Amino acid sequence: MLDDVQEVLVSEQHIARRVQALGQQISADYRGREPVLIGILKGAVLFLSDLLRALTIHASVDFMAISSYGTGTQSSGVVRILKDLDHPIAGRDVLIVEDIVDTGLTIRYLLDNLRSRRPASLRVCVLLDKRERRQIPVELDYVGFEIPDRFVVGYGLDYAERYRNLPFIGVLRPEVIRDQGGR
Ligand code: 5GP
């Protein structure tokens, strides 16, 4: 599996340090409140579990699974909910925890959908921001790393359901994408 990686963009140590800092910042910002962290399956699972351990305040967790229609490495903005939240969020302080914002279409859909459920507050915490790819403006409250326009895998992010278990954020060799493209 490691042979398939061309380049490491964000190392395991960098991720760990940044997630700790985000946890401290979020704990300070939400002091005296009890936010619900909404993890977006499956990509945000590793980030959410590390971020949760970095919080020093009470917090609960819920999950949503969505599928965005699109081909391979390109999202279309048409989103379908595969698994909805277990609990209502009306009156709660909600923090969406997402792996990556690319065009912005998916997070825009999530924000609109969750806002209609009348939370007390609604913010976004995203590990990776591919800002130069943005098609619509979205405000991101907490960002781990800004990254260039490359297709990345690892630390929860997949290519054809593989590579989520890499402990770093990396770029695959082009021939790997070609060879596994039809999977
Ligand atoms: P957006 O709607 O912002 O264009 O795309 C967001 C979703 O596209 C992410 O939640 C993720 O599932 C997927 N995505 C965007 N860029 C990448 C990438 O570089 N690597 C992986 N694995 N998924 C990506």
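The values are calculated or read from the model by the stated rules, or taken from the named source; none is laboratory data. In this text the structure is predicted, and so the values were computed from the model without any measurement. A quick note on method: Cβ atoms are made from the backbone with ideal geometry, for glycine too, and the neighbour counts reach across all protein chains shown.
What number of residues within segment 129-147 satisfy the criterion of being of a type outside the set (A, V, I, L, M, F, W, C), more than 10 Å from the ligand (Cβ to nearest atom) and not in a strand (DSSP E or B)? The qualifying residues number 5. In the set (1) closer than 22 Å to I26 by Cβ; (2) within 9 Å of the ligand (Cβ to nearest atom), V171 fails one condition alone, (1). Entry remark, segment 19-32: residues being surrounded by 17 or more Cβ atoms within 10 Å (Cβ to Cβ) and outside any loop (DSSP other than H, G, I, E, B) number 4 in total. In summary, S75 fulfils each of the numbered conditions (1) modelled with pLDDT of 95 or more; (2) outside any strand (DSSP E or B) with the single exception of condition (1). I want to confirm something. Restricting to segment 152-183 and keeping residues that are assigned to a loop (DSSP other than H, G, I, E, B) and within 14 Å of the chain's Cα centre (by Cα), which single residue is surrounded by the most Cβ atoms within 10 Å (Cβ to Cβ)? So the residue we want is Y155. For segment 96-123, the candidate set comprises residues that are away from the ligand (no atom under 16 Å from the Cβ) and part of a strand (DSSP E or B); within that set, the residue that is farthest from the chain's Cα centre (by Cα) is S121. Only one of the listed residues (S27, S67) is without any contact (Cβ under 8 Å) to a residue 24 or more places away in the chain and within 23 Å of I107 (Cα to Cα). That residue is S67. Listed by first and then second residue, the pairs linking a residue in segment 130-154 that is farther than 15 Å from R18 by Cα to a residue that is in a strand (DSSP E or B) and of a type in the set (D, E), with Cβ atoms under 8 Å apart and 6 or more places separating them unless they lie on different chains, are K130/E146; R131/E146; L140/D129.
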